[in-house]
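To keep things clear, I will list the structure first and then write my remarks on it.
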Amino acid sequence: MKKPSAQRQPSLKKVLGISSLFVVAMGGVTSQGSFVAILNGAGTGGASFLIAMLLASALTFSYVFSYLELSLMMPKAGGPGTYTTVASGHFPAIILVLGGYLAVAVFGGIVEFMLLDHVLDSVFPGVFSHIGLVLLILLTQLNILGINIFASVQNFIVYVLLVATFVIGFAGLGGDAVKGIGAARFWQQLGHTNGSIFTLTVLAMWAFAGLEYVCPLIEEAKQPQKNLPKAMLAASVMLIVVYGLIAFAGMRQVPVADLAGSEVPHWLLVKALFGKVGGFIIVVFAVTATSSTANAAIASVARMLYGMAHHKQLPPVFKKIHPRWDTPWFGLLFFFILIAVPLTIFNKAPGYLLVLIISAASLWLMAYVIAHINVIVLRKRYPKFKRPFKTPLYPLPQIIGIIGMAYAIWNNSPSLQMAKKVYLNEGLIVGILAIYAFFWVKFKMKKGLFEAEPIDEAIAD
């Protein structure tokens, strides 16, 4: 008599190739908000903003190097939480993931879906109602149905977005009529770049943040040691090309004052280029931009929560894997609820969340500072541990990243009044999370707040 075969244990599948890793990295960054920041910056700084973008890209490569070194050293779905748990303990790791990623993704997601509603309502008034909430439900369902479905959807969305972006960008370079900055004024602005370039760099940096969203998917990646560095570095270069093209097209085709002051400058650019046909193009652009970043955030944050549960930093329900589709279903539903409820309540009051979003974005940059520090700490603590990727010119990128990100955090608001609100909200977010982390680590986990997890134990589970 045959023994019954052991029941298959659900687990994360290794299905993501280099193309899928590339589009996840791109999708974590290329939101509507990113293009709004780029075009607002182009309107504010003119030609000088292109230099600011290059400075922001240097900071981008610095954090990409740090995340590549950390993620390939500890290839776990927990991502930033795992790295920080090993470097400095459970208390800061909990605050980092819940404040620097979950809060950022929730508030950023709410605004992104609101922006989509706003754009579609501007083009087709009254036709599409609550399209943001509908899209959120659809993307969550597709994520639950499996990593293969997620990857297929993300590939389609990001490549359509890239095609739409290049169509808009190259169309903006053509034609003799220049409504914005002409060639002579362009070169004059480049030659008179001043200290304001650093403030513009802060604005540009918002558009380059998010490439590391691909790292928590490393347990589902094929040949991550080879494919992850290629995917993240290729995405970094592609961002420079895409943003540079859109910024130049915008400052050439739209009056800079209009670009600087608009909440939907990408719609102004498309309308200036294509007239009535622009309605269809901006809808494709807006839907794909929102979908790409939301899809990447949904997948990535759920896996960060899954990793936290494995480190016992969250209740064990967060590490449940769907028995049929092999996805962290509870984390996906939890993240959906955190966005869907406030999106439904505050759908008609987008300005209400502006201060909280800037606050969360500052916490995101703080997460980058911690990532750089983690690399330095772990180089000293585990000097002989295998590192499939080592930061070039270490520790220069980490030092540059820490200084640059700290400056961006310090200059995160357009006014002193706004800055006070931002710092207050940052304090509230960190304070609430610190209370949870303190009691959870001290009394539930019964560990020291800064008791680092041995790296072998952290990556064994």
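Where a number appears in this text, it was derived from the coordinates with a stated rule and is not lab data. Please read these numbers as outputs of a predicted model, since none were measured by experiment. Cβ atoms come from the backbone with ideal geometry, glycine included; neighbour counts cover every protein chain shown.
Per-residue Cβ neighbour counts within 10 Å put His311, His90 in the sequence His311, His90, beginning with the fewest.
Counted as membrane-span-like here are DSSP H helices of the chain whose alpha-carbon atoms extend 18 Å or more along the helix's own axis and whose Kyte-Doolittle mean is -0.5 or above; these are 32-45, 48-73, 103-123, 131-144, 147-173, 224-253, 278-310, 329-345, 354-381, 396-410, 416-439. Here's the picture: a label point sits 7 Å out from the Cα of Lys390 along the beta-carbon direction, and within region 56-89 the residues with their amide nitrogen under 18 Å of it are 65-74.
Taking other Cβ atoms within 10 Å as a rough exposure proxy, Ile298, Ile432 sort from fewest to most as Ile432, Ile298.
Of all aspartates and glutamates in the structure, those lying under 19 Å Cα to Cα from Lys386, and not within fewer than 8 positions of it along the same chain, are Glu69, Glu219, Glu453, Asp456, Glu457, Asp461. Taking a point 7 Å out from the Cα of Phe443 in the direction of its Cβ, the residues of region 79-122 whose backbone N falls within less than 17 Å of it are 91.
Fully extending the segment from Lys13 to Leu173, taken as 0.36 nm per residue of separation minus the present Cα-Cα distance, adds 53.2 nm.
Once C-alpha pairs closer than 8 Å and six or more residues apart are averaged by separation and normalised to the residue number of the chain, the relative contact order reads 36 percent.
Counting only helical runs of four or more DSSP H residues, what would the 222 nm mean residue ellipticity of the chain come to if each run contributes -39,500 (n - 2.57) and the total is spread over all its residues?
Result for the chain, helices only: -23000 deg cm²/dmol.
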